[in-house]
Structures are given as structure tokens and as C-alpha cells.
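Report on the following structure.
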Amino acid sequence: MNEAKNTVAVLGGGAAGFFGAIACAEANPALRVVLIEKTSKLLSKVRISGGGRCNVTHAAETAAQLVHHYPRGAKQLKEPFKQFGAPDTVRWFERRGVRLKTEPDGRMFPTTDSSETIARCLLDAAHAAGIEILQQTTAEHIEPLPTGGFRLTLTGAHAQALCVARLLVATGGAPKLEQYKWLQQLGHSIQEPVPSLFTFNVPDSPLRELPGVSVPRARVRVSGEKLEYEGPVLVTHWGLSGPAVLKLSAWGARRLHELQYQSTALINWIPDYTEDTLRQHLLEYRELHGKKVVVSNPLFGLPQRLWRTLAEQAGIGAETRWNELPAKLQNRLIEGLLRTALPVRGKTTYKDEFVTCGGISLSEINMQTMESRRVPGLHFAGEVLDVDGITGGFNFQAAWTTGYLAGRAMAGQLV
């Protein structure tokens with residue numbers, strides 16, 4: 001058991017697990033740190049993030065700026081982000097030879113535009129810190145010991161009984177409540193997991209012939225709900241995507257789940273206009289350009305294909321000119337521009353980036369150390385917690401922050 005006093009285990013070979021293990025080993029080099037991953041792949045989400053570029057974090061100087069981007073966990077993350085925020089993440093990687101760049105929308109990527117740069121940096125740091133990595137190994141049973149610490153029964157490639165003084169759980173989000181049962185058995189309550197960051201399936205979309213058409217700024221609203229978001233919208237062959245839809249799905253994750261992903265999405269393609277200002281604009285345009293054909297002359301910078309479809313949906317003929325347009329058809333066009341109604345019938349996971357809303361209840365966690373208030377010596381980091389952010393590097397930042405604080409706290413407890 002003396003050896004156990006100097007041993008720490010980390011469950012999960014993703015962003016939070018690696019960051020926690022590295023933080024622990026670097027803060028206390030005398031410790032034996034063992035990272036356990038049940039699959040043969042390490043850092044798989046890091047590798048596929050951002051289309052293989054890895055959206056490491058977001059350019060936010062302060063904790064107050066960061067927390068606005070978390071539908072779950074915003075209040076509880078404020079203090080942790082003061083301890084280790086986005087600028088700390090940038091410095092952490094730069095000290096290890098990885099420079100990050102900021103895109104116009106605030107997302108930050110390695111200058112190499114390759115997620116392998118980030119994965120390699122984490123693997124090299126883990127190796128340099130002397131972390132033992134056990135792949136294809138599962139902690140089948142976790143038993144808290146009466147004298148403190150835990151006995152892990154490991155199965156798979158490295159089957160053994162492992163006694164540890166501290167344990168960090170960074171196993172990621174899971175889609176089903178049953179997958180958290182082992183954590184419930186340790187005494188924790190779970191906020192039911194439901195999907196977050198997904199796109200809308202619209203099988204009967206009047207826009208289905210327009211895949212690839214995008215609008216840099218539109219407002220998406222769920223009819224009958226207090227759910228809306230403004231930003232880029234992308235029309236796909238299955239429905240709607242783009243940052244506005246993904247972020248709306250994150251803020252509305254629980255409500256959309258309750259609605260069983262059946263709703264009506266209302267798209268305002270020109271959010272700078274009200275019905276009155278739009279009507280006035282069209283009146284002035286009609287006076288100046290009455291002889292122009294409506295369908296073939298898009299307004300408001302909208303893509304030609306989208307404008308044509310909206311005009312056709314309003315019943316406007318291919319040769320109709322503005323000075324011939326009946327008031328009834330103009331009203332339909334106004335309705336389409338401000339409130340295109342699309343029947344949502346389900347969801348699709350965004351690329352391969354699976355994010356859940358739900359997990360370990362934050363009221364049961366000391367957010368300064370990420371230690372359980374229920375089980376001494378048990379720490380948590382990453383998506384296993386009831387924390388999730390919108391797209392833009394926020395989920396990774398939560399993983400880096402919670403992993404770092406958990407790792408440092410475990411090392412500090414075992415000095």
C-alpha cells in the first residue's frame with residue numbers, strides 16, 4: 001500500500017485526461033501517474049476536431065468573456081477560468097513549441113492547421129513527464145478503500161489490481177444514463193445526458209435543392225419557444241446546419257429533447273429588417289427598379305439560388321417584374337424573407353463531434369479542485385461533468401481547465 005500512496009490513476013485518454021495527467025505529473029514528479037484508456041486510440045476527439053485542424057480554444061482574455069458560451073456550467077466555471085483560462089492555454093502550448101493563431105470569429109488553431117500537432121504535443125508532454133499509458137484497458141470495478149484511495153480492477157491488455165491514492169475520471173460524455181451507472185454506484189447523481197451541438201433534419205424542406213448555400217448572418221428561431229440564435233446558416237441536403245443552428249441546439253438541448261426533435265424552425269434571412277422597414281425598402285426599390293425581373297435579381301446580398309427559391313415559393317413567376325408584382329405575392333415574399341418556416345423532424349450529429357449536455361452534477365464537485373464532495377480523493381474533468389459549451393473551442397477549453405485544476409490538486413494533496 002505504500003506504493004499506492006504515490007500512485008494516481010486517470011481514466012480516459014482524451015483531452016481532459018491527458019491534461020490532468022500531465023498537470024499532476026509535472027507538479028509532483030515523485031508520483032506514479034497511470035493513464036488508462038479502454039480503446040486502442042488516444043486523443044481521438046482532438047484528432048478529428050475542427051475538420052482535422054483542432055479548434056484548441058477561443059480568443060477570450062477574461063473568465064467573464066468565456067463563461068457566456070456555456071449553456072451548462074457557466075456560473076460554476078467562472079472561478080476555474082480565472083485559475084486557468086484561454087490565455088493560459090495559449091501559453092501552455094507555446095511553452096511546448098506549439099503556436100496558435102486566431103481566426104476572425106475568435107476560434108484558435110495551431111499555426112500548422114493540423115490536429116496532429118496538438119495530439120503530438122500532448123503525447124510528448126506525457127512521455128516527458130513519465131506517465132504510464134495503458135491502452136485497451138478498462139477499470140471494471142472501482143472500490144473505495146477504508147484507509148483512503150481506491151482499488152481498481154483492470155481488465156483487458158493490462159489486467160491487474162491497481163491501488164491508487166487519487167483517481168481522476170475523464171471518460172467523456174456518454175449518450176445514455178446507464179453508462180453513468182458506475183458513477184452513481186460511487187455515490188454521485190447524474191444530470192440526464194441528452195445530445196447537444198446537432199443539426200436539424202428537414203425532410204420536407206422547400207430548400208432541399210439548395211445544399212451548400214450559406215448565409216453569413218441569419219436568425220433561427222424555434223416556433224412557440226424562447227429559443228433563437230443569430231449567425232451563419234448553411235442549407236444542407238438533410239436540412240439546416242451552420243453555427244447559428246449548432247449554437248441554438250446547444251442552448252435548447254434539453255427543451256428540444258423534450259420536444260423529441262419535432263418543431264418548426266423559423267428563419268429570418270435578413271435580421272436587420274423588421275416587417276415595416278422591409279416593406280418600405282421594397283417600396284423604394286420598386287419605384288427605382290420597377291422593370292427588373294424579381295426572380296433573377298436578388299436583394300440584400302442573398303445568394304441567387306436562395307432568392308430564386310424564396311420568390312418561387314411566394315408564387316412569383318419567372319418573368320414577373322417588380323412593377324407588376326401583386327401585393328399578395330409581395331406579402332408572401334416578405335413572409336419568406338423574415339419567417340421561412342421549416343418543419344424539423346429529427347437531428348443529425350455534427351460531423352463526428354459528439355457533445356452531450358448532462359453528466360456529473362456540478363453541485364457535488366469542488367470546482368477549485370474538481371474533487372468530489374461525496375467521495376474524497378475522486379476527481380472529475382471534461383465532458384463527464386454537466387458542462388458543455390457551444391462550438392468555437394469552448395468544450396476543449398473546459399477540458400483543459402478542469403483537467404489542469406484536477407491534476408494540480410491531486411499532486412498537491414500527495415506532496
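None of the figures in this text is laboratory data; all of them are computed from the coordinates on show. Predicted, not measured: the structure shown is a model, and the values here were computed from it. Quick reminder, even Gly has a Cβ in these numbers, built from the backbone with ideal geometry, and neighbours come from all protein chains shown.
Segment Glu284..Ser189, full-extension length gain: 28.1 nm, with 0.36 nm per residue of separation and the alpha-carbon distance subtracted. Using the Cβ-Cβ distance between Asn331 and Glu103 with R0 set to 30 Å, the FRET efficiency from 1/(1 + (r/R0)^6) comes to roughly 0.15.
Taking the Cα centre of the chain as origin and assigning +1 to Lys and Arg Cβ atoms and -1 to Asp and Glu Cβ atoms, the resulting dipole is close to 160 debye. Rounded to the nearest 10 degrees, the inclination of helix 327-339 to the longest alpha-carbon principal axis of the chain is 10 degrees. Ordering Arg32, Arg408 by the number of other Cβ atoms within 10 Å of each residue's own Cβ, fewest first, gives Arg32, Arg408. When Tyr273, Tyr404 are arranged by Cβ crowding within 10 Å, least crowded first, meaning fewest neighbours, the order is Tyr273, Tyr404. Ser361 to Ser44: FRET efficiency via 1/(1 + (r/R0)^6), r the Cβ-Cβ distance, R0 41 Å, to the nearest 0.05? So, using R0 = 41 Å, E works out to roughly 0.95. Take the Cα of His68, step 7 Å toward its Cβ, do the same at Gln313, and the gap between the two points is 3.0 nm. Taking the alpha-carbon centroid of each part, what is the distance from the range 129-171 to the range 273-339 in angstrom? So the two Cα centres are separated by 65 Å. Checking every one of the GluC sites (Glu not before Pro) in the range 241-341 against DSSP loop status and a limit of 16 other Cβ atoms within 10 Å picks out Glu319. Site pair Leu177 and Arg339 shows an inter-label distance of 3.7 nm when each label is modelled 7 Å from Cα along Cα→Cβ.
Under the combined filter of DSSP loop state and at most 15 neighbouring Cβ atoms within 10 Å, the range 305-356 retains these trypsin sites (Lys or Arg not before Pro): Lys351. In the chain, helical runs assigned H by DSSP with n ≥ 4 each contribute -39500 (n - 2.57); averaged across all residues and rounded to the nearest 500, the mean residue ellipticity at 222 nm is -10000 deg cm²/dmol. Of the residues Gly212, Leu248, Leu325, the one whose Cα sits farthest towards the positive end of the charge dipole of the chain is Leu325 (charges of +1 on Lys and Arg Cβ, -1 on Asp and Glu Cβ, taken about the Cα centre). With neighbours defined as other Cβ atoms within 10 Å of a residue's Cβ, the residues Met108, Met410 order from fewest to most as Met108, Met410.
In terms of packing, defined here as the mean over residues of other Cβ atoms within 10 angstrom, the peptides 67-79, 388-400, 190-202 line up highest first as 388-400, 190-202, 67-79. A Förster distance of 45 Å, applied to the separation of the beta-carbon atoms of Asp276 and Gln304, puts the FRET efficiency at 0.95.
Counting lysine pairs in the range 198-349 that sit 8 or more residues apart in sequence, or on different chains, and whose Cα atoms lie under 28 Å apart gives 5.
Looking at the chain alone, DSSP beta bridges between its own residues are antiparallel in about 75 percent of cases. Evaluated with a Cβ-only charge set (Lys, Arg +1; Asp, Glu -1), the range 147-249 carries a dipole of roughly 320 debye about its Cα centre, given to the nearest 20. In a fully extended conformation the segment linking Gln262 and Ser214 would gain 14.9 nm over its present Cα-Cα distance, using 0.36 nm per residue. Only one item in (1) 27.1; (2) 21.6; (3) 20.5 matches mean projected area of the Cα convex hull in nm² derived from the coordinates shown, and that item is (2). Which of rounded, prolate, oblate describes the range 296-415, given a ≥ b ≥ c as roots of the alpha-carbon gyration tensor eigenvalues and a/c under 1.5 marking rounded, otherwise prolate only if a/b is larger than b/c? The shape class here is prolate. Extending 7 Å from Cα along the Cβ direction at Lys291 and again at Arg96 yields two label points whose distance is 6.8 nm. Sparsely packed loop sites in the range 279-373 (the chymotrypsin sites (Phe, Trp or Tyr not before Pro) outside DSSP H, G, I, E and B with at most 13 other Cβ atoms within 10 Å) comprise Phe300.
Magnitude of the charge dipole for the range 334-415, about its Cα centre and with charges confined to Cβ atoms of Lys, Arg (+1) and Asp, Glu (-1), is about 60 debye.
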